[in-house]
Amino acid sequence: MQPGQVSWTQNIPETSMSMIRKFNLLKSSAIIDIGGGDSKLVDCLLDEGYEDITVLDISGEAIQRAKQRLGKRADVVKWMIGDITEFEPTRTYSCWHDRAAFHFLTEPAEIKKYLEIARKAITGYLVLSTFSDKGPRRCSELDVCQYAESELTEQFQNGFDKICCLREDHITPFQTKQNFLYCSFRRQSVATD
């Protein structure tokens with residue numbers, strides 16, 4: 001599928017970038033975008049000078065489109081093709097970003113595996129965006145889990161402290177509305193200033 005053919009396509013990931021900026025990360029901090037595919041978050045991170053970016057997506061085609069879009073800038077990004085529930089991180093990340101991947105995990109075993117991987121891999125912060133409890137029940141013909149703020153906070157309470165949550169209406173390329181819940185978290189092992 002082309003970017004304009006999927007409902008979660010976003011020209012400028014402003015809410016995600018705003019949350020990431022608030023973490024005051026060093027430009028050398030390791031950042032991973034889960035389900036990033038051909039999302040433009042990587043473009044924005046590169047534009048702001050971040051140097052250690054990884055994109056993980058299940059679709060090799062989506063990653064290839066992102067590489068083509070970025071041209072030579074794609075060479076400084078680490079690209080990984082794979083299912084998040086099978087991801088075996090060999091390093092840790094100061095920032096883990098996930099917009100619209102977590103809500104596709106509908107089985108308790110998948111959710112548990114994701115949480116285990118996140119706890120192992122994240123040393124700093126997490127930005128997570130899912131369909132809210134007012135959002136769609138299905139997306140691209142797949143079932144999703146909707147989340148209220150309390151439910152998402154509960155999922156991540158073992159290992160993470162919530163910083164903030166907000167809701168946002170996303171207008172799809174088809175001019176329909178999807179309500180997303182964005183939450184940022186701090187890994188509990190991270191000392192606060």
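The values are calculated or read from the model by the stated rules, or taken from the named source; none is laboratory data. Small disclaimer: the values here were computed from a predicted structure and weren't measured. All Cβ positions, even for glycine, are placed from backbone atoms using ideal geometry, and neighbour counts span all protein chains on display.
Residue-level analysis places Ser94 among those that are surrounded by 14 or more Cβ atoms within 10 Å (Cβ to Cβ), touching a residue at least 24 places away in the same chain (Cβ under 8 Å) and more than 13 Å from the chain's Cα centre (by Cα). Whether any residue in the stretch 170-185 is touching a Leu at 6+ places or on another chain (Cβ under 6 Å), of a type outside the set (Gly, Ala, Ser), surrounded by fewer than 19 Cβ atoms within 10 Å (Cβ to Cβ) and touching a residue at least 12 places away in the same chain (Cβ under 8 Å) is what I want to check. Among the residues of the stretch 170-185, not one is touching a Leu at 6+ places or on another chain (Cβ under 6 Å), of a type outside the set (Gly, Ala, Ser), surrounded by fewer than 19 Cβ atoms within 10 Å (Cβ to Cβ) and touching a residue at least 12 places away in the same chain (Cβ under 8 Å), which makes the answer no. The number of residues in the stretch 1-34 being at pLDDT 95 or above and part of a loop (DSSP other than H, G, I, E, B) comes to 7.
Of all the criteria given as (1) more than 21 Å from Ile20 (Cα to Cα); (2) without any contact (Cβ under 8 Å) to a residue 24 or more places away in the chain; (3) not basic (Lys, Arg), the one not satisfied by Glu110 is (2). Give the number of residues within the stretch 35-52 that are surrounded by 21 or more Cβ atoms within 10 Å (Cβ to Cβ) and not in a loop (DSSP other than H, G, I, E, B). Adding up the residues that qualify gives 3. Being among the acidic types (Asp, Glu) and in contact with a Lys or Arg (Cβ under 8 Å, 6 or more places away or on another chain) is true of Asp43. Within the set Leu152, Leu142, the sole residue that is surrounded by fewer than 17 Cβ atoms within 10 Å (Cβ to Cβ) and not charged (D, E, K, R) turns out to be Leu142. All of Arg73, Arg21, Arg69, Arg99 fail the test of being under 21 Å from Thr123 (Cβ atoms) and surrounded by fewer than 15 Cβ atoms within 10 Å (Cβ to Cβ), apart from Arg21. Evaluated against (1) under 16 Å from the mean Cα position of the chain (by Cα); (2) of a type outside the set (Ser, Thr, Tyr); (3) at pLDDT 95 or above; (4) under 24 Å from Glu141 (Cα atoms), Leu45 falls short on exactly one condition, (4).
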